[in-house]
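All remarks here apply to the structure that follows.
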Amino acid sequence: MRILFTAWAWPSHLYAMVPVAWACRAAGHDVLVASQPELTDAISRTGLPGASVGRDVDAVATFRDIVLPPPGRQPGAGGPRVLGLLTALAEAMVDDLVELGRNWRADLIVFEPTAFAGPLAAAALGIPAVRHLYGTDLMSVVGRFLPDALGPLSGKLGLDTVDPFGVATVDPCPAGLQVPVGSRRLPVRYVPHNGPGMLPPEPPEPPEPSGRPRVCVTWGTTLSRVDPGLFLAGQAVRAISALEVDVVVAVTPGQRALLGPLPPEVRVAESAPLHLLLPTCDAVVAHGGAGTLLTAVAYGLPQLLLPRLPDHVRHAGRLAEAGAGVVLAAPVEDPAAISDRLAELLATPAYRAAAEELRQEMRGRPSPAQVVRELELLATGAVRP
């Protein structure tokens, strides 16, 4: 079987699909990952074969416009602009994706839920399309708007309609965090893939265990790209420095300078995949991105979240509703609010218990290897969607 995975050029959306893509390869299937030129290096670092399709689109400018709008417009009112961005991304990719799928003789397209070039290309090629979520199914909320938004592209391809939800949805999000999805659900165990990297070395002479909780602070990779002022990791570290906690802050090389001055005892882990750091931690302070959130859930860690982008707000809200986290509206004017809420999070066993319940639910799901069989059946038409 030949399976074409596709995402637009946003690394975290790609990373969510990597474990299933590798499971397909391990099962003996041919796998190809297609995206815009901007994602070429990120695809290469996954070890999967890739192909460049279409042209790049400045998504960062749209996100900046949503979070930091011009005077007179309220921040966060970005629904129409996001939908416009997603259709522009589909238009930028779909023609090349159809040609690639035809020439490569794809049997199935697996697409992340905002990469609408995937279902459009699959419909044009007459093959099934399967969504692969990276978190809570945010597209199900706007599902009624999608046919109209994708109508012009469907018509251009000679299609009457296209189902933006595919014949099935691979879902790595625990049911306790999920909303109803738009097509048949294929639950899968979330296996963290946070990019390549090495476990940071321990100090030459590790100190004796402090007995204090260990907190990981991380702000993902999105907000620093949108605007350095939205990168609050340094602010969060300084806010919690008075608490009796040990702190490790996870950053990319380009983010280290954005941290500002830090207390000398804070450990900075640069270019370390998050899933290598969290097994020794007791809580996470972060921005609410789906990859960070689900990686923390995979280790049963309660979270203090300060979201800004609309999808971060919704993911963080679902975690708080599940009882496994606390959400603070960013920006935070009083740093004491961060330390107070973290102290509450660490002192209240119910948060850890709820996070552990989500972790156990996640661990009980089928492995990516088991989901491959479902994809095989869908590709051959052996099961009805």
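Conditions (1) touching a Lys or Arg at 6+ places or on another chain (Cβ under 9 Å); (2) farther than 22 Å from Gly54 by Cα, marked per residue:
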site	(1), (2)
Ser140	no, yes
Gly143	no, yes
Leu153	no, no
Ser183	yes, yes
Leu199	no, yes
Exercise. Just to be sure, is Thr221 over 27 Å from Thr62 (Cβ atoms), hydroxyl-bearing (Ser, Thr, Tyr) and out of contact with any Leu (no Cβ under 9 Å at 6 or more places or on another chain)?
Worked result: no
Problem set entry | Set Arg267, Arg238: member being over 21 Å from Ala298 (Cβ atoms), out of contact with any strand residue (DSSP E or B) (no Cβ under 8 Å at 6 or more places or on another chain) and touching a residue at least 12 places away in the same chain (Cβ under 8 Å) | Arg238
Exercise. When both residues are 6+ apart or on different chains and their Cβ atoms are under 8 Å apart, which pairs have a first residue that lies in region 342-353 and is closer than 17 Å to Val247 by Cβ, and a second that is in a helix (DSSP H, G or I) and at pLDDT 95 or above?
Worked result: Leu342/Ile240; Leu345/Tyr351
Problem set entry | Failed item, numbered, when Val170 is tested on (1) under 20 Å from the mean Cα position of the chain (by Cα); (2) among the β-branched types (Val, Ile, Thr); (3) under 19 Å from Met139 (Cα atoms); (4) open to solvent by 20 Å² or more (accessible area, probe 1.4 Å) | (4)
Exercise. Wholly within region 3-121, which helices (runs of 4 or more DSSP H) include no fewer than the required count, namely at least 1 residues that are free of Cβ contacts under 8 Å to residues at least 24 places away in the same chain and either in contact with an Asp or Glu (Cβ under 9 Å, 6 or more places away or on another chain) or among the hydrophobic types (A, V, I, L, M, F, W, C) (or both)?
Worked result: 59-67, 79-104
For this session: Could you please give the count of residues in region 94-121 that are open to solvent by less than 10 Å² (accessible area, probe 1.4 Å) and of a type in the set (Phe, Trp, Tyr)?
Result: 2
Exercise. So which residues in region 311-331 are farther than 10 Å from Gly289 by Cα, in contact (Cβ under 8 Å) with a residue 60 or more places away in the chain and in a helix (DSSP H, G or I)?
Worked result: Arg318, Leu319
For this session: State which residue is nearest to Pro302 (Cα to Cα) when the search covers only region 200-219 and only residues that are outside any strand (DSSP E or B) and modelled with pLDDT of 95 or more.
Result: Pro213
For this session: Check whether at least one residue in region 361-378 is part of a loop (DSSP other than H, G, I, E, B), open to solvent by 60 Å² or more (accessible area, probe 1.4 Å) and modelled with pLDDT under 95, and report yes or no.
Result: no
Exercise. Which of the residues belonging to region 238-288 are assigned to a loop (DSSP other than H, G, I, E, B) and polar (S, T, N, Q)?
Worked result: Ser241, Thr252, Ser271
Exercise. Hey, among the residues in region 1-33 that are among the small types (Gly, Ala, Ser) and over 25 Å from Ser224 (Cα atoms), which one's most open to solvent (accessible area, probe 1.4 Å)?
Worked result: Ala26
Problem set entry | Evaluation of Pro19 against (1) under 23 Å from Arg308 (Cα atoms); (2) in contact with a His (Cβ under 7 Å, 6 or more places away or on another chain) (one fails), failing number | (1)
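The values are calculated or read from the model by the stated rules, or taken from the named source; none is laboratory data. Owing to the predicted nature of the structure, the values given are computational and were not obtained by experimental measurement. All Cβ positions, even for glycine, are placed from backbone atoms using ideal geometry, and neighbour counts span all protein chains on display. Please note that ligands, DNA and RNA were not included when accessible areas were found on the heavy atoms of the full protein model with its side chains. Shrake-Rupley method; radii C 1.70, N 1.55, O 1.52, S 1.80 Å.
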